[in-house]
Amino acid sequence: MQRPEAWPRPHPGEGAAAAQAGGPAPPARAGEPAGLRLQEPSLYTVKAVVILDNDGHRLLAKYYDDTFPSLKEQMAFEKNVFSKTSRTDSEIAFFGGMTIVYKSSIDLFLYVVGSSHENELMLMSVLTCLFESLNHVLRKNVEKRWLLENMDGAFLVLDEIVDGGVILESDPQQVIQKVNFRADDSSLTEQSVAQVLQSAKEQIKWSLLK
């Protein structure tokens with residue numbers, strides 16, 4: 001799937017017009033304080049999506065940039081996230097230069113991670129879509145045992161919501177329809193292969209009887 005390009009920067013002289021239109025701000029000029037620069041908008045909103053069990057162990061995780069390039073760094077980050085969020089009633093946390101929204105369900109903790117300047121409402125829309133979609137796929141049993149038994153479906157759901165850090169879909173109904181279509185398409189492909197093999201076996205059998 002081809003990923004959409006990030007927003008282009010305006011040409012010199014277009015900064016004021018871009019600001020009025022709600023577009024990205026131009027790069028800072030020489031001598032301009034860095035603190036005055038506005039963060040350039042980006043389509044790459046999500047840094048990671050993680051699901052942990054109630055002991056803080058990873059069940060599902062996808063990282064979309066090189067903020068945590070190694071498995072060791074990812075596991076250390078997940079451990080810190082869990083320790084800071086597992087005993088609170090909040091839905092959002094800020095630490096380590098990250099904005100993290102999260103939700104617990106029985107023995108699961110679901111996290112969506114963005115940068116420190118990311119709009120938490122955007123991240124929350126991803127989290128809500130993920131939970132509602134899993135709730136359908138897991139037949140309203142969003143818990144560890146059912147997740148482990150349906151991990152393929154969980155990854156399909158996640159891939160329909162986020163691709164490479166870009167939010168593709170935030171409507172659970174649309175995600176479910178796409179997941180069902182992909183599952184049906186896969187089933188048809190397997191069935192077609194089985195039919196071809198059966199046909200080949202019959203042809204070999206008849207050729208031997210001649």
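The values are calculated or read from the model by the stated rules, or taken from the named source; none is laboratory data. Quick caveat: nothing in here was measured; it's all calculated off a predicted structure. Heads up, the Cβs are rebuilt from the backbone with ideal geometry, glycines too, and the neighbour counts pull from every protein chain shown. SASA here: full protein model, heavy atoms, side chains in, ligands and nucleic acids out. Shrake-Rupley method; radii C 1.70, N 1.55, O 1.52, S 1.80 Å.
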What is the number of the single condition among (1) at pLDDT below 80; (2) surrounded by 13 or more Cβ atoms within 10 Å (Cβ to Cβ) that Gly22 does not meet? (2)
Consider Val113 carefully, then state whether it is modelled with pLDDT of 95 or more, in a helix (DSSP H, G or I) and either open to solvent by less than 40 Å² (accessible area, probe 1.4 Å) or not basic (Lys, Arg) (or both). no
Only one residue in Met98, Met75 is within 17 Å of the chain's Cα centre (by Cα) and either open to solvent by less than 80 Å² (accessible area, probe 1.4 Å) or closer than 18 Å to Ile51 by Cβ (or both), so which one is that? Met98
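Residue-wise test of (1) touching a Lys or Arg at 6+ places or on another chain (Cβ under 9 Å); (2) among the hydroxyl-bearing types (Ser, Thr, Tyr).
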| site | (1), (2) |
| --- | --- |
| Tyr111 | yes, yes |
| Ser133 | no, yes |
| Leu138 | no, no |
| Ala154 | no, no |
| Leu158 | yes, no |
Residue list for region 138-168, filter: open to solvent by 10 Å² or more (accessible area, probe 1.4 Å), aliphatic (A, V, I, L, M), in a helix (DSSP H, G or I) and under 24 Å from Lys47 (Cβ atoms): Met151, Leu156
Of the residues Leu156, Leu138, Leu127, which single one is modelled with pLDDT of 95 or more and not β-branched (Val, Ile, Thr)? Leu127
